[in-house]
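To start, the structure under review is shown below, and the notes come after it.
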2 protein chains.
Amino acid sequence: MTTTVTMSALEVADPERSARFYTEALGLKRVQDVTGSDFEAVLVGSPGGRGAMLELARHHGREGGVEHGSGFWKLCLSTGDVAGLYGSATAAGARPVSPPRPLPGLESMSFALVEDPDGYLVELVGPASG
Amino acid sequence: MTTTVTMSALEVADPERSARFYTEALGLKRVQDVTGSDFEAVLVGSPGGRGAMLELARHHGREGGVEHGSGFWKLCLSTGDVAGLYGSATAAGARPVSPPRPLPGLESMSFALVEDPDGYLVELVGPASG
């Protein structure tokens, strides 16, 4: 068995709000709710089980929003419909960063950028026709 | 085609150092080198192509190390050999955070925690026998 990147865990202000965003606006599926001694989290992932999961967590006593620092750059999601997801994400309140356009050096693909409800940068990548 | 979490991109002080750590100590495979107008990055992922990729990036002008903030919590890797990877990671200079022990509520699995060369928390999860 080889090593596999199975999940990234992000601190969010409100796991329920984030779970709604990633499922209703971005097409992921709610996989599991997790309650730890010092945190609550919702896991979301691909409806088909491919790729990795995303853990949307809030540690107790961490109210007041996320302090981003310079560490996490972006989360990348693949989709067959970049324009559609970009539209639903921004309609759900995501800050638009860059509308769909061809991926530099790979014109058959397009990408778009939004910020999720906590200000995490999310890149949507898929076929240019989508 | 459904939405899939395909990659998380992290800012690192030295993409080559990070790529060596994730390939030589943690068993991932170097997938691709990427040079953008304002960054350099190395993509690593599972040798079998499962799960997600990790983009280890350094933006120009961002010397001086990563400022972690409160956003990114942890990266989770699955492996068949938690104890072996914990050993090779700490031998490669990763800061040990928690040695292998049973996963609370799921005793057939074990987990361990280390910090990668930039201080990102990495959780190793796998069968308790591994």
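The values are calculated or read from the model by the stated rules, or taken from the named source; none is laboratory data. A quick note: this is a predicted structure, and the numbers were derived from the prediction, not measured. Note that each Cβ is placed from the backbone with ideal geometry, even for glycine, and that neighbours are counted across all protein chains shown.
Before moving on, here are some points about what is shown:
- Among the residues of the range B:100-127, those identified as small (Gly, Ala, Ser) and free of Cβ contacts under 8 Å to residues at least 40 places away in the same chain are B:Gly105, B:Ser108, B:Ser110, B:Ala112.
- Subset of the range A:13-40 [facing chain B (nearest Cβ under 9 Å) and touching a Lys or Arg at 6+ places or on another chain (Cβ under 8 Å)]: A:Phe39
- Looking only at residues in the range A:37-46 that are out of contact with any His (no Cβ under 6 Å at 6 or more places or on another chain) and surrounded by 15 or more Cβ atoms within 10 Å (Cβ to Cβ), the one that is modelled with the lowest pLDDT is A:Ser46.
- The range B:66-80 residues that are without any contact (Cβ under 8 Å) to a residue 40 or more places away in the chain, paired with ones that are basic (Lys, Arg) (beta carbon under 7 Å, 6 or more apart): B:Ser70/A:Arg62
- Filter result for B:Gly93 (surrounded by fewer than 18 Cβ atoms within 10 Å (Cβ to Cβ), without any contact (Cβ under 8 Å) to a residue 12 or more places away in the chain and more than 7 Å from chain A (Cβ to nearest Cβ)): no
- Members of the range B:81-90 found to be of a type outside the set (A, V, I, L, M), in contact with a strand residue (DSSP E or B) (Cβ under 8 Å, 6 or more places away or on another chain) and touching a residue at least 60 places away in the same chain (Cβ under 8 Å), listed by number: none
- Boolean, A:Ala83 is farther than 25 Å from B:Cys76 by Cβ and in contact with a Ser or Thr (Cβ under 9 Å, 6 or more places away or on another chain): yes
- Members of the range A:43-55 that are at the interface with chain B (Cβ under 9 Å from one of its Cβ atoms) and under 18 Å from B:Thr2 (Cβ atoms): A:Val44, A:Gly45, A:Ser46, A:Pro47, A:Gly48, A:Arg50, A:Gly51, A:Ala52, A:Met53, A:Leu54
- Residue that is surrounded by the fewest Cβ atoms within 10 Å (Cβ to Cβ), among those in the range A:56-80 that are more than 7 Å from every other protein chain (Cβ to nearest Cβ) and touching a helix residue (DSSP H, G or I) at 6+ places or on another chain (Cβ under 9 Å): A:Arg58
- The set of residues from the range A:76-115 being at pLDDT 95 or above and in contact with a Phe, Trp or Tyr (Cβ under 6 Å, 6 or more places away or on another chain) comprises A:Pro100, A:Ala112.
- Entry remark, the range A:101-122: residues being charged (D, E, K, R) and under 16 Å from B:Ser8 (Cβ atoms) number 3 in total.
- Pairs where the first residue, in the range B:15-40, is acidic (Asp, Glu) and the second is exposed (fewer than 13 other Cβ atoms within 10 Å of the Cβ), C-beta under 7 Å, 6+ apart: B:Asp38/B:His60
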